[in-house]
Structure formats: structure tokens, C-alpha cells
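These notes are about the structure you will find just below.
The values are calculated or read from the model by the stated rules, or taken from the named source; none is laboratory data. Just so we're clear, the structure is a prediction, and the values are computed from it rather than from any experiment. Counting neighbours? That spans all protein chains shown, and the Cβs are built from the backbone with ideal geometry, glycine included. Calculation scope for accessible area: heavy atoms of the full protein, side chains included, ligands and nucleic acids excluded. Shrake-Rupley method; radii C 1.70, N 1.55, O 1.52, S 1.80 Å.
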Amino acid sequence: MQESATHPLNIVVLVKHVPDAQFDRHLTGPGHTLNRAESILSELDEYALEAALQLAEARGGEAAGNRVTALAMGPAAAVNAVKKSLQIGAYAGVHLNDDALAGSDAAGTSLALAAAVRAIADSQGPVDLVITGMASTDGETSLVPAQLAERLQLAQVTFASELDVADVDGVPVVKARRDGDSFTETVEAPLPALVSVTDQANSPRYPNFKGIMAAKKKPVTVLTLAEIGVDPAQVGFDGAWTAVAASAPRPPRSQGTIITDDGTAGVQLVEYLAAQKLI
Amino acid sequence: MASVLVFLDVPALPLPRAARELLTLARTVGEPVVAAAHRAEPAMLEALAANGAVKVYEPAGELDTVLVAAKAAFLADAANAEQPAAILLGNSFEDREIAARAGIKLGSGVITDAVAVAPDLAVTKSVLAGSYTSTCRVRTGTPIITVKANSVEPAPEVPATSLERVEVPLSAAGPAARVTGRSGKRVSGRPELAEARVIVAGGRGMDGDFGPVEELADLLGGAVGASRAATDAGWIEHSAQVGQTGKTVSPQLYISAGISGAIQQKAGMQTAKVIVAVNKDADAPVFEIADFGIVGDVFSVLPQAAEEIRKRRA
Ligand SMILES: Cc1cc2nc3c(=O)[nH]c(=O)nc-3n(C[C@H](O)[C@H](O)[C@H](O)COP(=O)(O)OP(=O)(O)OC[C@H]3O[C@@H](n4cnc5c(N)ncnc54)[C@H](O)[C@@H]3O)c2cc1C
């Protein structure tokens, strides 16, 4: 095994523009969709981007032919997730933007993203890794990474809490750790692969001044459904395989009792639990 | 009667509560049929029948030890053979991924995080970090629903009827990641966090000493939870983390000790029936959702409560 055998990686990172969870979030309209004002790059996607950048940098970065492309799907404002990714360090950006995508569920989203990844491969050459966060912070279902692996027929390496690409006899292999409920697994897959990383995988970097300036010169490609060959009827509200029939905010929790410890709070706690029949 | 296919990945007995919940739920919708990821021993077949299953699909051989792909292919094959009215799974990371991939194979919509499933297959789930409740439906294909633990009360066992066994030939799983090693976690003897009726959780305020949290949890027969600050610090294993990137729990009682109550922590616990908070900062956000809040020091409140419980039981 020789150093020179290390070959550059072509990595696509999925980044989502999501409503900031620090503010109140609301479902509105006939489709019970999320109000997307006050949106940001999903925090959990920062770990995916960091993982991609580290893998690329370990192989010599952009100068050595590695690629890290941030791909976002969403309405006009979602380009901000791409721009933020470029400021953090992604080398190029792609924004999949089409009115017909509004209201897509996981099935529609994974269909469109799979086609976008294929389009990127058509223009750049084969994609080695698609990296995502462990979940979106709005939909929270974690369905899209697995569905993308199924649609693209990629080996799936999800919920990685440690990630590395090692060369085994000159062939890059993904190695990851995955923490389950009752055990920890190590897994290995040949490239190409789909990887999702948890918030244990790394510590995401922040954009610095240099990064913010450099981002202005980085390319952002905008794609429509027609350009990636997806029938608009298969995505959006009409193409969705699931639908939300009703939604309601959870009633606020009624104001509880707050006491200040006067030296007997532990005893009062037990009295409370006994009154609630919890002990 | 239409059947409901329940996916179970239970390598050995006893049948976990979560599995019995799924079989109970299946019975409210149709006739439970099991897709078992492992070939079932006679005792397992008895347990399934005693929980209402009328048929079990089993892989013709051991499924490949790869991530998810083989189990998803098996579930899709079993569903194609059975043509059920719905497919139910648990809500663990892995179960949701199996559901996700089987959904694409079958052309079926998937709904995760269900807390209730009506006989007409309308699904109730909590969304947006527990701040909204929504009702969803699958419009295309066979509804695939992943159900959170503690959503139904398991029904008592029934006299076992005969259980039909069907072998599912192994089909190619496609490209997949191979599992190269597996290490079991320390067994604590405490209930599983996701299923526990009582959880005592500690945060940065525990300052490296989870002793008082563990003591109270054990006296209450509960599980130990933690904030990310506590798991990141290495005071307790990561699998104890509750929140957006940890476990989502809905116990009868959640005692939060030395945890500020950040949005990512609340995301995992605000659907608990009763929330008790102990924090020395009266302005901590956790008090906004607490049913009973104590402004005080965890190191005096928790041990005193433990002492009082012991005294009452003596
Ligand atoms: C992408 C992302 C995902 C995240 N996911 C999660 C998650 O899943 N779960 C999670 O919990 N967090 C998560 N977080 C972190 C979250 O934002 C908070 O940082 C974390 O919950 C804080 O933990 P804490 O409350 O224990 O610590 P702190 O916020 O530091 O609070 C400690 C509290 O302890 C109190 N205290 C200190 N000493 C004592 C004492 N002696 N007695 C009583 N009270 C005392 C203090 O008053 C304070 O309120 C996530 C963050 C990000 C960015």
C-alpha cells in the first residue's frame, strides 16, 4: 500500500434550511406546513459538513482534487444554507429549487435528492460519498438518508459517531462506529456510500472572516426538476405518499408549583410524588 | 379479516414490552402477523402466539450481518407475500431505517414517531420537538408506521392458537455496510430509558457525580437519563442522553436534576406526564415546564428525598 494510492474524494453534503428551533415554530395552511421565516442551516448538518471537510483535508483538500459540494433542496431562501456552507468551507454549492417541490414528504424529497446527486455525478464524475446529518431539526424523521441509500443503491453507514475513510490496498473504505441502544458496532463499507453522522462525530468549525470573503467567489449552481429529470407530479403535496390531516399546538403545560428549598424540599418532593401516586 | 404485519427483531426471549405493545396495537387494527428477523425457536413461537400472532414469516437462513439493507429486503419480501393492511415497527433508529427502505421498495408511505394508531389507520404523532401534535395518513401503498414505546398498554396473553410458519427466501440486499464488530454495553439492571415509567436525569449541575441521581432512580425503579452536557463530559454513557440527538422519552415521571432545560433537552422529555425539576437557578427555563419545581441544590435535595423514601418504606 503506497501513499500515492490515495485518491481524491468527491463528496456531496446534504444541507437543509430549517426554521430556527430557538424561536416558536408553527404549522400553518391546508397542508399543515412549517412557517419557514427565521430559517438557518440545520445545526445537525454542520456535523455532516465538518465530516466532509475533514475527510477531504486529510487527502490534500481542494488542491489535491477533492470535492465537497453542499446540496440544498428548498425554496429561494434555502440558498442561504448553501451560502453558509460555503462560508464554513464547502468548495461548491448546488441549490435544487422548484415550486413543484413544496410539500414534499420523505419519499418525494429522497426522490428529488437522488436525482440531484446523479446530476452532480453526471457533471463532475462519480460521487464517492453522500454525507448527511442524523436528522433534520424540523421533520425529525431520519427517513431521508436511508431512503436515499435505497434509491441510489449505496451502502448505508448511518448514525456514525466516528468516521474515517482508510485506504485498504489502495481502495478507500469507509469505517464508522455506530452507537445502538444496547451495543456499539463498528461497520465498514466500500465506496460509494451514504453516511449520516451524529453530533458526537466532531466539533463543527465556525465561518471566519477569510471564509466569508472566499465564499463570495465560490460557485452556486441552481437546478430545477426539469434539469434533473424528475416528473413534478412525483414530488410536492400531490406526489407525497403521506399527508398531514390535522395539527394542533400542544396545550401549554399548566403552571406548576415552584418552591425554594428551606431545608425540607427533599421531603416535600416525596410528599408531592406520594400525592400524585407516583410512589 | 385483514392482517397487520409486525416487524420484530427479537433474537431471544423474553419478548420485550415494546414487542408486546406492537402486537397489541396490531390486534386493534386486524390480525397480527409477524415478520421475525431471526428464525424463531419453539418457545418464541409460543410467545408470539400467546400475544395474538396467527402467522410468522421467517428468513430462510440467517440474514446477512450488514446495516439495515438485509432486514429491509426481508420485510419487503414478507409484505409482498402477505399483502397486509398495514406494517408496524418500533421507533428505534434502526427500525425507522428499515421502515424507510422497505417503504421505497414497496412504494409505501412511512410515518414515524406514532403515539397512537386508529383502526382506520389515522396516525397521531408529536412533532416539532413535542410542541405540536399532528394526525397523518399514508396515501400511497401499504401504511408503514413506526410506533414509540409506551404508546399502548400490552394486552394480557391469550390461549395460543396454532401459528402458521412461512419461510421467506433470502433475496439480495444490494450494496451494504458490513458489521465488523459489536460490543455489548454494561448491563445496569435498570429499565430501558425509552420504555421506563420513571426517569431521573442529571445535567451539568451534577458536577461529575451521578451518585445521587442513580440512588433516586433505583429507589423509584427508574432509569437514569442525562443532558448532553453530562454525557459530553463523560460522567455517564452517551446512551443515557435525552433530547433532540438522544432519546425521546414519555415517562409517567421525569425528574430533572441540575439541567437548565435547553430546547434540545426539552425536545426529548416535554411529553412526560409529570415533570419535576431541581435547579439552583430560579430563572432556569426548565421551571417553565415543571409541574413541581424546587429551587435548590441537587446535592441536598436528592439525598434528602432518597432518605425520606427509605424512611417511609421502613
Ligand atoms: C445540535 C445540538 C444537539 C443537542 N442535543 C441535545 C440533546 O439531545 N440533549 C441535551 O440535553 N442537550 C442537547 N444539546 C445541548 C443543549 O443545547 C444544552 O447545551 C444542554 O442541554 C445543557 O445541558 P445542562 O442543562 O446539563 O447544562 P447547563 O445548561 O450548563 O445547565 C446546568 C444547570 O445546572 C444548574 N446547577 C448547577 N449546579 C447545580 C447544583 N449544585 N444544584 C442544582 N442545580 C445546579 C445550573 O443552574 C444550570 O441551570 C444539543 C445542542 C446542539 C447544538
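Here are the numbers for the structure shown:
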| quantity | calculated |
| --- | --- |
| Residue that is least open to solvent (accessible area, probe 1.4 Å), among those in the stretch A:63-77 that are within 25 Å of A:Ile228 (Cβ to Cβ) and part of a helix (DSSP H, G or I) | A:Ala77 |
| Residue satisfying condition, being in contact with a Ser or Thr (Cβ under 6 Å, 6 or more places away or on another chain) and either more than 7 Å from chain B (Cβ to nearest Cβ) or farther than 14 Å from B:Glu94 by Cβ (or both), within set A:Glu140, A:Glu188, A:Glu162, A:Glu150 | A:Glu188 |
| Residue list for the stretch B:261-293, restricted to those being among the β-branched types (Val, Ile, Thr), open to solvent by less than 30 Å² (accessible area, probe 1.4 Å) and more than 9 Å from the ligand (Cβ to nearest atom) | B:Val274, B:Ile275, B:Val276, B:Ile289 |
| The stretch A:15-52, subset in contact with a helix residue (DSSP H, G or I) (Cβ under 8 Å, 6 or more places away or on another chain) and away from the ligand (no atom under 16 Å from the Cβ), residue farthest from A:Leu111 (Cα to Cα) | A:Arg36 |
| Whichever residue in the stretch A:153-199 is modelled with pLDDT under 95 and within 16 Å of the ligand (Cβ to nearest atom) and, among such residues, is farthest from A:Ala114 (Cα to Cα) | A:Asp181 |
| Of the criteria (1) open to solvent by 70 Å² or more (accessible area, probe 1.4 Å); (2) more than 9 Å from every other protein chain (Cβ to nearest Cβ); (3) modelled with pLDDT of 95 or more, which one A:Val235 fails | (1) |
| Qualifying positions in the stretch B:179-217 - open to solvent by less than 10 Å² (accessible area, probe 1.4 Å) and away from the ligand (no atom under 16 Å from the Cβ) | B:Ala196, B:Ala217 |
| Candidate set: the stretch A:103-142, residues that are in contact with a Lys or Arg (Cβ under 7 Å, 6 or more places away or on another chain) and modelled with pLDDT of 95 or more; chosen: the one surrounded by the fewest Cβ atoms within 10 Å (Cβ to Cβ) | A:Leu111 |
| Subset of the stretch B:249-260 that is more than 9 Å from chain A (Cβ to nearest Cβ) and more than 8 Å from the ligand (Cβ to nearest atom) - its residue that is surrounded by the fewest Cβ atoms within 10 Å (Cβ to Cβ) | B:Ser250 |
| Residue within the stretch A:195-203 that is more than 8 Å from every other protein chain (Cβ to nearest Cβ), open to solvent by 10 Å² or more (accessible area, probe 1.4 Å) and either of a type in the set (A, V, I, L, M) or under 20 Å from A:Asn66 (Cβ atoms) (or both) present | yes |
| Residues satisfying the stated conditions in the stretch A:144-161, i.e. out of contact with any Gly (no Cβ under 9 Å at 6 or more places or on another chain), more than 18 Å from A:Val15 (Cβ to Cβ) and assigned to a strand (DSSP E or B) | A:Gln156, A:Val157, A:Ser161 |
| 1 or more residues touching a strand residue (DSSP E or B) at 6+ places or on another chain (Cβ under 7 Å), farther than 17 Å from B:Pro11 by Cα and open to solvent by 10 Å² or more (accessible area, probe 1.4 Å): qualifying strands (runs of 3 or more DSSP E) within the stretch B:25-131 | B:31-36, B:55-59, B:110-117, B:123-127 |
| Selection status of B:Thr245, within 16 Å of the ligand (Cβ to nearest atom) and in contact with a His (Cβ under 7 Å, 6 or more places away or on another chain) | no |
| Subset of the stretch A:160-193 [touching a helix residue (DSSP H, G or I) at 6+ places or on another chain (Cβ under 7 Å), surrounded by 21 or more Cβ atoms within 10 Å (Cβ to Cβ) and farther than 25 Å from B:Gly243 by Cα] | A:Val165 |
| Where a residue in the stretch A:257-279 is closer than 15 Å to B:Asp291 by Cβ and more than 7 Å from every other protein chain (Cβ to nearest Cβ) and its partner, wherever it lies, is open to solvent by 60 Å² or more (accessible area, probe 1.4 Å) and not in a loop (DSSP other than H, G, I, E, B), with Cβ under 8 Å and at least six apart | A:Ala274/B:Arg312 |
| Candidate set: the stretch B:225-239, residues that are in contact (Cβ under 8 Å) with a residue 24 or more places away in the chain and surrounded by fewer than 24 Cβ atoms within 10 Å (Cβ to Cβ); chosen: the one farthest from the ligand (Cβ to nearest atom) | B:Glu237 |
